[in-house]
1. Exactly one of (1) part of a helix (DSSP H, G or I); (2) within 30 Å of residue 92 (Cα to Cα) is unmet by residue 315. Its number?
2. Take the residues in segment 396-440 that are within 16 Å of ligand 1 (Cβ to nearest atom) and assigned to a helix (DSSP H, G or I), then tell me which one is surrounded by the most Cβ atoms within 10 Å (Cβ to Cβ).
3. Just give me the residues in segment 358-379 being surrounded by fewer than 18 Cβ atoms within 10 Å (Cβ to Cβ) and either within 16 Å of residue 428 (Cα to Cα) or over 26 Å from the mean Cα position of the chain (by Cα) (or both), in sequence order.
4. For segment 209-232, give me each residue that is assigned to a helix (DSSP H, G or I), more than 12 Å from ligand 1 (Cβ to nearest atom) and surrounded by fewer than 17 Cβ atoms within 10 Å (Cβ to Cβ).
5. Do you know which of the residues in segment 287-301 that are more than 16 Å from ligand 1 (Cβ to nearest atom), in a helix (DSSP H, G or I) and modelled with pLDDT of 95 or more is surrounded by the fewest Cβ atoms within 10 Å (Cβ to Cβ)?
6. Kindly indicate whether residue 157 is farther than 30 Å from residue 453 by Cβ and within 16 Å of ligand 2 (Cβ to nearest atom).
7. Which condition number does residue 442 fail, the rest of (1) in contact with a helix residue (DSSP H, G or I) (Cβ under 7 Å, 6 or more places away or on another chain); (2) at pLDDT 95 or above being met?
8. Please find, within segment 244-282, the residue that is surrounded by the fewest Cβ atoms within 10 Å (Cβ to Cβ) out of those that are free of Cβ contacts under 8 Å to residues at least 60 places away in the same chain, more than 9 Å from ligand 1 (Cβ to nearest atom) and assigned to a loop (DSSP other than H, G, I, E, B).
Ligand code: UDX
Ligand code: ADP
C-alpha cells in the first residue's frame, strides 16, 4: 500500500490531501502540521478553514484512509511520497525583503525530511515557490540524509482557487508535474501521475521539466492578476468618460481570444497568491538583470494598490471630504466570497484607509471571525473605532455609508428599503464588487457608487484628488 504524507494542513494542503484520499481509497494519507490547534481543528466538527464541500469529503475519509496528526516525524518516516504545502510568505526583512519568498518553513520541512528518512522518497513541491527552489531543496536533502537514501523532487503546483477548491481538485483544468530529466526523474513523475490517474483524464496531466513547472505557477497567477489590473485600470477611465465597465467587460469577453473569465472590475484583487507570486517574479527578473520585465510586473501590483486607494478617496470625497466620526458599514472582509481567508484582502487596505480618516467602522462578514478581523487591522490606537457585528442590518444601522468589499451572495438580497430607512441621510452605497442593482437602490434614495460605472450626479461634481 502506498503511503502519502502531506506536510502543512492549510488552505492548499488540507483540501488537496483530502481529495487524494477520497479518490484513492487504497492509499493511506496522513496530513501533518506543526500547529496543534490546526490539527485538532481538522480532527473536530469545525474544520479550521471554510471551503464549500470540504466538510463532506473530510467526513467521508477521516478515520479511514485520511488522518490528521502533529507527529510529523513518524509520518515522514513511513511515507513513500511526501507533499510539501507549507506557507511561503514574502520575506519581511533581510535580503530580498518585500519581494523574495521566505523559504524558512520549506527549509525546516526539508531538513526534517532529511533527518527522518530511512528509505527512498519522492518529495512533491505543492506550495508555490520561486523558480529553482527544487535545486536548493535537493541540496538540503542530499547533504543531510543518511547514506544511501535517495530523493526525487517533483514540482506539482496547485491551481485550486479558494471557494471552489474541492471542485477544482476533483475536476482540474490540468495537473502539472515537473521532474528531473533522466530515468529516475521519469520514474518519479510516473509514480505521481499514477495517483492522479485515479480520477484525472490522461490528457489533462502535463509533464514538464522541474523549472517549467515551477515557473508556470508564477506565470499563471501573474497573468490572472494582470487581467484584473487591466480591467480595473479601465474602470477608472470609464468613470471619467461615461463608459460603463460591465458593457466593456461584456464586449471583451465575447472576443474568444480574450474570453469571459477574470474580467470583473473590483476594489482590487487579494488572496495569498497573486501579490506574493508577482513579487517573486519581480525578484527573479531583477536577480537576472531583467529590469524592464521586473518593472512591467511591478506595475500590475501598483495598479491594484491604486484601485484600493481610489476607492477610499471616492468614499471620503463623496461624503463632504470627511468621514471623521461617521459610521461606515463594511460588508464583507474576506478576499472573495465563499472563503474565510483574509490574506491580502483589499478590505484591509480600504479599512485602514478609512480609519486613517477617522471613520468609525462597523464590519460584518458571514465567515470571517472577529479575532481575525482584529488581527488584520491591528492598529491599536484605532481599534476602538472598529466594531465587528454579526449581521448586515446591525452593521448598517445609523451608518452614513455602506462599503461592499466582498461579493457574498447574501448582500445581493438584503432588504435595502429597510437598510435605507435605518441609515443617516444622505445615505451612500459604495459597491466595490459591482453586485448591486444601481437603479433599484437609486430609486430607494441611495447615492450609489459602483466601480467603473457612470458617476452619480453627486459625485460628478466632486473633484477627485
Ligand atoms: C488564485 C488562482 O486563481 C489560482 O489558480 C491559484 O492556484 C491561486 O491563486 P485564489 O487566490 O483562490 O486563486 O482566488 P481567485 O479566484 O483567483 O481570485 C483572486 C482575487 O481576484 C480575489 O480577490 C478576487 O475577488 C479577485 N478577482 C477575481 C477580481 O477582482 N475580478 C475577477 O474577475 C476575478
Ligand atoms: P497555504 O495557503 O499555502 O496552504 P497556510 O498558511 O494555510 O498556507 O498553510 C501552511 C501550513 O503549513 C500551516 O498550517 C503551518 O503551520 C504549516 N507548516 C509550516 N511549516 C511547517 C513544518 N516545518 N512542518 C509542518 N507543518 C508546517
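1. Among (1) part of a helix (DSSP H, G or I); (2) within 30 Å of residue 92 (Cα to Cα), the lone unmet condition for residue 315 is (2).
2. Step by step, filter segment 396-440, then rank; the result is 411.
3. Hit for segment 358-379 is 358, nothing else.
4. 211, 212
5. To start, the set of residues in segment 287-301 that are more than 16 Å from ligand 1 (Cβ to nearest atom) comprises 287-296, 298-299.
From the residues that got through so far, the ones that are in a helix (DSSP H, G or I) too are 287, 291-296, 298-299.
Remaining after also requiring modelled with pLDDT of 95 or more: 291-296, 298-299.
On the way: 291: 11, 292: 7, 293: 15, 294: 19, 295: 13, 296: 15, 298: 17, 299: 15.
Looking at the filtered set, the residue picked out is 292.
6. Criteria met by residue 157.
7. So the condition that residue 442 fails would be (1).
8. Out of the qualifying residues, it is 257.
The values are calculated or read from the model by the stated rules, or taken from the named source; none is laboratory data. Since this is a predicted model, take the numbers as computed values, not measurements. Cβ coordinates were reconstructed from backbone atoms using ideal geometry, including for glycine residues, and neighbour counts include every protein chain displayed.
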